[in-house]
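Only the coordinates and a few stated rules stand behind these numbers; no lab work does. Remember, it's a predicted structure, so these values are computed and weren't measured experimentally. All Cβ positions, glycine included, derive from the backbone under ideal geometry; neighbour counts span all protein chains shown.
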Amino acid sequence: MLLPVLNFICTNRFTLDVEQAHQILKEIVVRTPLQYNSRLSQKFGAEIYFKREDQQIVRSYKIRGAYYNMHSLGAEQRERGVVCASAGNHAQGFAYSCHLMKIKGYIFMPQVTPRQKIARVMHFGGEWIKIELVGTTYDEAAHVAGQFCLENGMTYVHPFDNLKTIAGQGTIGVEIMEDLPGAEVGVVPVGGGGLASGLSTYLKHRNPATKVIGVDPAGAPKMVESVKAGYPKVLERIDNFIDGVAVKKAGVITFEIIRQHVDKLIATAEGKVCTTMIELYQNEGIITEPAGALSIAALDQLADDIRGKKVVCIISGSNNDISRYPEVIDRSLIYEGLKHYFIVEFAQKPGELLRFLQYALGPTDDIVRFEYLKKTNKEFGPALVGIELTNRNDLEGLLNRMRENNITCINITHDDILRKYFV
């Protein structure tokens, strides 16, 4: 099955298809700016540029692949209707395309999809789309969508594992090469791999010396693990926080393309992404979704790769629900070592909390969460205590004071399961 795919991407046909997609999409998508960033350029000794796909009408690059894929369908396929599965951004591009081309579309999204994304999908699609919320991950939604598509004889518009979708995403590369012909490194987030596949293949056709680096989230490193294994590996468990790229399994087509054309793959921690989101807002006034900040969050890991180079980071989207920002801040503080959660066992007698405040806390430590969990007996009861530090190095002193004063506690800060349950 892959031989035609490999033959396709190893010839100029792919470049021509991307350029054809570029001509078609000119009247549909926003030609997003390529912005020089002086703060990060100075920090890394490089020329850092942001490709602002967050400024698309649907606030992500996904409109490119969705529209070009659907534009390529025959009249009979359009008449029967189309189906997609998405964590949110592909759904918006799909819905917008359905509205523009007057095609009936059915969208399957995980039940945990942020409400803001669902509302935007409905806004763009209007009467032309119907939304079904199923499962808790993109992969589960995709399974149901695939069954529905087969049962109803419709066409599945894949968010990444389709050559037309990939070519549409590759049009970002056309704009980059026109705006910055000397681009030496492209840093791109990796979900299912459509963007990384299209961009890397086109850039390397135009300039084989260009390096492309793909960034997986550490909580869902499907492409990193697949390349290590030599086949598209299915992850047993993923962290859904960076929902735009939280996929258990990469595409079969995209895996082969990325294995050939992407020079390096890394995984970046969710907490680092949260810190980057905050920094982008505070310094540049840029609001991103977690996946949108992924390529920039990876720069610290890539300092040696990018020094002295012209580097383009793809800001892939800005569809972020404002209600998620408390979690963004929380994850950032934990990553920076400034916030810690403990389950503390308090004796059920007067003065115990006062003793904790007087003898455990340092002069600049602050309790930001306190909640009794359950009294297991008359003598003792556990409490969830969140403590924020001024300096990450203050943790050692806090732990020492707890031990010296015989305060029984469990640090659940880095226990994802317990923290998710209690916090």
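The alpha-carbon of residue 102 sits under 16 angstrom from the alpha-carbons of these aspartates and glutamates, leaving out residues fewer than 8 places away in its chain: 76, 79, 127. Taking 7 Å steps out from each Cα toward its Cβ at residue 75 and residue 417 produces label points 5.9 nm apart.
What separates the Cα centres of region 310-351 and region 212-248 is a distance of 22 Å. Can you find, among 232, 36, 245, the residue sitting farthest towards the positive end of the charge dipole of the chain, where Lys and Arg contribute +1 and Asp and Glu -1 at Cβ? Positive-end residue among those listed: 232.
In terms of packing, defined here as the mean over residues of other Cβ atoms within 10 angstrom, the peptides 62-75, 279-292 line up highest first as 62-75, 279-292. Amide H to amide H, with H built 1.01 Å from N, residue 412 comes under 5 Å of 341, 342, 343, counting only residues 5 or more places away or on other chains. Between the listed residues 176, 205, 187, the Cα displaced farthest toward the positive end of the dipole of region 127-207, a dipole computed from Cβ unit charges relative to the Cα centre, is found at 205. The local environment of residue 216, defined by Cβ-Cβ distances under 13 Å, has a net charge of +4 under the rule Lys, Arg +1 and Asp, Glu -1. Of the residues 311, 125, 342, the one whose Cα sits farthest towards the positive end of the charge dipole of the chain is 125 (charges of +1 on Lys and Arg Cβ, -1 on Asp and Glu Cβ, taken about the Cα centre). DSSP assigns beta bridges within the chain; of those with both partners inside it, close to 40 percent run antiparallel.
Charged neighbours of residue 178, selected by a Cβ distance under 13 Å, balance to +1 (K, R count +1; D, E count -1).
Computing P(r) over Cα pairs in 20 Å bins from 0, in percent directly from the structure and comparing it against (i) 26, 55, 19, 0; (ii) 26, 50, 20, 4; (iii) 24, 53, 19, 4, 0 singles out (ii). Think of each Lys and Arg Cβ as +1 and each Asp and Glu Cβ as -1; about the Cα centre, that makes the dipole of region 62-156 roughly 380 debye. The gain in end-to-end length when the residue 264 to residue 112 segment is fully stretched comes to 51.6 nm, 0.36 nm per residue minus the alpha carbon separation. A Förster distance of 22 Å, applied to the separation of the beta-carbon atoms of residue 16 and residue 150, puts the FRET efficiency at 0.10. Computed about its Cα centre, the charge dipole of region 337-422 is approximately 280 debye, with only Lys, Arg, Asp and Glu carrying charge at their Cβ. Comparing 325, 202, 372 in a Gaussian network model of the chain where C-alpha atoms under 10 Å apart are linked, the largest mean-square fluctuation is found at 372. Among the listed pairs 43/249; 130/248; 204/310; 117/272, give every one whose C-alpha distance is greater than 27 Å. Going by Cα-Cα distance, 43/249 fall outside the 27 Å limit. The string of couplings for region 34-39 from the Karplus curve (6.51, -1.76, 1.60, θ = phi - 60°) is 10, 9, 6, 10, 6, 4 Hz, one whole number per residue in order, with x for Gly and Pro. Summed over qualifying helices (DSSP H, 4 residues or more, each -39500 (n - 2.57)) and divided by its residue number, the chain shows a 222 nm mean residue ellipticity of -13500 deg cm²/dmol. Loop-resident trypsin sites (Lys or Arg not before Pro) (DSSP state other than H, G, I, E or B) in region 346-423 with no more than 15 further Cβ atoms inside 10 Å of their Cβ: 374, 375, 378, 392.
Note on region 64-164: Cα convex hull, mean projected area over all directions, 5.5 nm².
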